[in-house]
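Since the structure comes first, as structure tokens, the remarks are kept for the end.
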Amino acid sequence: MSGLIKSILPPAGVEGGEVIISCDAYDASDYRDCRVTFDTEPGRIVCASPNRVIAVIPEGKGGGGELQLDGGFFSARGSFTWGTRLASDLHPVANPAIDPETGNIYVTLSGTRGQKVPVSIYEITPDGVVAPFLSDVINPTGMAFDRTGTLHVTSRYEGTLYRVTPFKEAETIAEDLGVATGLAFDSRGNAFVGDRSGTIYRVNEIGEARTFATLEASVSAYHLAFGPDGDLYVTGPTVSSFDSVMRINSFGEVSKFYTGLGRPQGIAFDAEGNCYVAASLRGHRGIIRIAPNGRDAEVVVAGANLVGLAFDSAGDMIIVSTQRVYRAPLGIKGYSVV
């Protein structure tokens, strides 16, 4: 090796993501000699200078831990977590849901408005085996497990919150919830459902729904998660390119937690109180980590068309795009209310 990589930002990503490689004296004099590989797969260099190279992660199943940069006399390696593709040809529109007991991952094939697909929710085992799970929900959107370990799902088409029975049947819990998208449970067992037209509903365990808070309408969906502080956090992309993560306290009072994201979608927390959002930050798309103070933010996973994430018990981040599901071993302990 005859070169030096100073940093790779972000240090993890999935196919289609863009990474910035800071280096020393990179030889970009002949573009034909410029190469970047993620393990053995060639990536695409977007631009290059002696001190910085921007590259796109290639299509592939991923799962590697090394990046190599070559150019003329320059050759150097650096560590990089390339997320493994678990499944394709799906249609997630929000966070995946992970069964706390089995570790199974649940993702949607949501379809276009009003479309009834043959299978609306798929189950992925920790070993990566994909199987049909549920077929009864039109346009499934938000998914979450309650404190009893029961999966719930919203239908944005029907405005309904469903509970999935042990027989894999969708049982109605509450109706007339508008364009029901985001879903989260608090420690008392209440479900919170986001109607993207501007309402957050609180639904108790017997299915009674009341307005909890009102927000600006979203052009696509609301995404909900409770933080370790007990507040409810909400994202919902608008027509602005400078959107906010909203925080709602137990009294339904709304405030801005962080502002400056482009098209923020799926949201989750780690045990230390850091907030993770599928969004773009200063033109870079991926998973954004926001510190508990609500001021510091950075891209920690590069990716294109990402819509959601969740943490499993092994510390892996499960990431979903508009069609695919990935696992990235980041060693992060996720926070869960239930």
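Derivation of every value follows stated rules applied to the coordinates shown; laboratory data play no part. Source: prediction; values computed, not measured. Cβ coordinates were reconstructed from backbone atoms using ideal geometry, including for glycine residues, and neighbour counts include every protein chain displayed.
Structure notes:
- Local net charge near Asp70, Cβ-Cβ under 15 Å (Lys/Arg +1, Asp/Glu -1): -3
- Hydrodynamic radius by Kirkwood, which averages 1/r over all alpha carbon pairs of region 251-322, in angstrom: 12.5
- Seen from all directions on average, region 4-82 presents a Cα convex hull projection of 4.2 nm².
- Each principal axis of the Cα cloud of the chain was taken in turn, and the coordinate range along them, longest first, works out to 69, 41, 32 Å.
- Restriction of the GluC sites (Glu not before Pro) in region 131-181 to DSSP coil positions whose beta-carbon has at most 12 other beta-carbons within 10 angstrom yields Glu169.
- Cα→Cβ-extended label distance, 7 Å offset, between Glu66 and Arg295, nm: 4.1
- Potential lengthening of the chain between Thr125 and Ser88 amounts to 11.9 nm, from the contour at 0.36 nm per residue minus the alpha-carbon distance.
- Region 230-309 and region 122-176: distance between their alpha carbon centers, rounded to Å: 24
- Stretchable slack from Arg210 to Leu9, in nm (0.36 nm times residue separation minus alpha-carbon distance): 68.0 nm
- Cα gyration tensor of region 157-257 - equivalent ellipsoid semi-axes, whole Å, descending: 23, 16, 11
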